[in-house]
Amino acid sequence: MTATSKPSLLVTRAIFPEVIERLSAHFTVESNPEDTLWDRAELVRRLQGKVGAFTTGVERIDAELLAQCPDLKLCANMTVGYNNFDLDAMTAAGVLGTNAPDVLTETTADFGFALLMATARRVSESEHFLRAGHWTRWSYDMFSGAEVHGSTLGILGMGRIGQAIARRGAHGFGMKVIYHNRTPLSAALEQDCKARYVSKQELLATADHLVLVVPYSAASHHSIGAAELAQMKPTATLINIARGGIVDDAALAQALKDRVIAAAGLDVFEGEPSVHPELLQVPNVVLTPHIASATEGTRRAMASLAVDNLIGYLLNGTAVTPLNPAAIHNR
Ligand code: DGY
């Protein structure tokens, strides 16, 4: 960089024009308006000479990549999830990671509830039936689903999004809310969410609707597999808005076929955008393409927070939502 030139940034995917405009005021920005999916080698090539990257939660940032990108100081995810970051490797390399929490909480909770409702009340399945021209008469038991109001809502992972779902269930639908988390909430938060802490075993056995909101990590990989599904009620629904890999999708497809549980609603998948072929065949599952935070206002707010992090850290040394502040001391 010469005395007058601006530092360089990479924006890895197509994004709102205001993101490029705001960043371009301070940086030389290489962007991807065609939204080409770069492979790893291409990403590394484009990161050469860049001090920062605007990332979207899927670009794997690990030791091998960092060794080839010595100028990099910050990777700013526009997502709350950051399982694309190897934070230990980033800290060791002095590269800060940031994510985009809070701004998507209520929108994601809305979607979690929408998926729960659609799954319990068989919205997709009945719409397909109607569109296929099979609806010839009303009948007393046609697409009879599971009760939502007054039922027991189980939440695995009681962070901000889990709490927002709990509030919707408890206050809006009169549901009894139980949850399991690494650490129980404070008494005040439990009261606010009207939620009761239970063991994972009790959660599985008692919930009528179980919503997964745990972050993905090696420890949460396949938290829900055949053994856990077998502990659930045969009338239960399972909703995953967290991350692919938390559920063993092959085991879930089998459980749905065998009616071990009644139904599932999935917004995230192992190996997405591929979806396990068996899941595409079973009728009692609602499938959506990772859209829980997808409203225009929320996606703009998420992108804007990533921009705040890039500008704040690279120009002033202060990120808004740092994940590994120890990295700063390793530069
Ligand atoms: C997130 O922010 O982590 C959502 O899953 C969107 O990718």
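The values are calculated or read from the model by the stated rules, or taken from the named source; none is laboratory data. Computed from a predicted structure; not experimentally measured. Here Cβ is always computed from backbone atoms with ideal geometry, including for glycine, and neighbour counts include all displayed protein chains. All accessible areas refer to the heavy atoms of the entire protein, side chains included, with ligands and DNA or RNA removed. Shrake-Rupley method; radii C 1.70, N 1.55, O 1.52, S 1.80 Å.
Kindly provide the set of residues from the range 269-327 that are in a helix (DSSP H, G or I) and among the acidic types (Asp, Glu), ordered by number. Across the range 269-327, the qualifying residues are GLU278, GLU296, ASP308.
When the criteria are applied in full, ARG243 meets the requirement of being open to solvent by 10 Å² or more (accessible area, probe 1.4 Å), basic (Lys, Arg) and within 16 Å of the ligand (Cβ to nearest atom).
Annotation: LEU65 fulfils all but one of (1) open to solvent by 40 Å² or more (accessible area, probe 1.4 Å); (2) part of a helix (DSSP H, G or I); (3) over 30 Å from GLY145 (Cα atoms); the unmet one is (1).
Condition first: among the small types (Gly, Ala, Ser) and buried (at least 24 other Cβ atoms within 10 Å of the Cβ). Now tell me which residues in the range 256-280 satisfy that. Talk me through it step by step, then tell me what you get.
First, the residues of the range 256-280 that are among the small types (Gly, Ala, Ser): 262-265, 271, 274.
ALA263, ALA264, GLY265, listed by residue number.
Which of the residues belonging to the range 219-234 are of a type in the set (A, V, I, L, M, F, W, C), under 19 Å from the mean Cα position of the chain (by Cα) and open to solvent by less than 60 Å² (accessible area, probe 1.4 Å)? Answer for the range 219-234, where residues must be of a type in the set (A, V, I, L, M, F, W, C), under 19 Å from the mean Cα position of the chain (by Cα) and open to solvent by less than 60 Å² (accessible area, probe 1.4 Å): just ILE224. Note on the range 68-94: among residues that are touching a residue at least 40 places away in the same chain (Cβ under 8 Å) and part of a strand (DSSP E or B), the one that is nearest to the ligand (Cβ to nearest atom) is ASN77.
Of all residue pairs spaced 6 or more apart or on separate chains, those with beta-carbon atoms under 6 Å, a first member in the range 24-36 that is small (Gly, Ala, Ser) and in a loop (DSSP other than H, G, I, E, B) and a second member that is surrounded by 15 or more Cβ atoms within 10 Å (Cβ to Cβ) and at pLDDT 95 or above are SER31/VAL11; SER31/ILE20.
With GLY154, GLY145, GLY150, GLY162 as the choices, which residue is under 25 Å from ARG259 (Cα atoms) and under 19 Å from the mean Cα position of the chain (by Cα)? Result: GLY154 is the single residue among GLY154, GLY145, GLY150, GLY162 that is under 25 Å from ARG259 (Cα atoms) and under 19 Å from the mean Cα position of the chain (by Cα).
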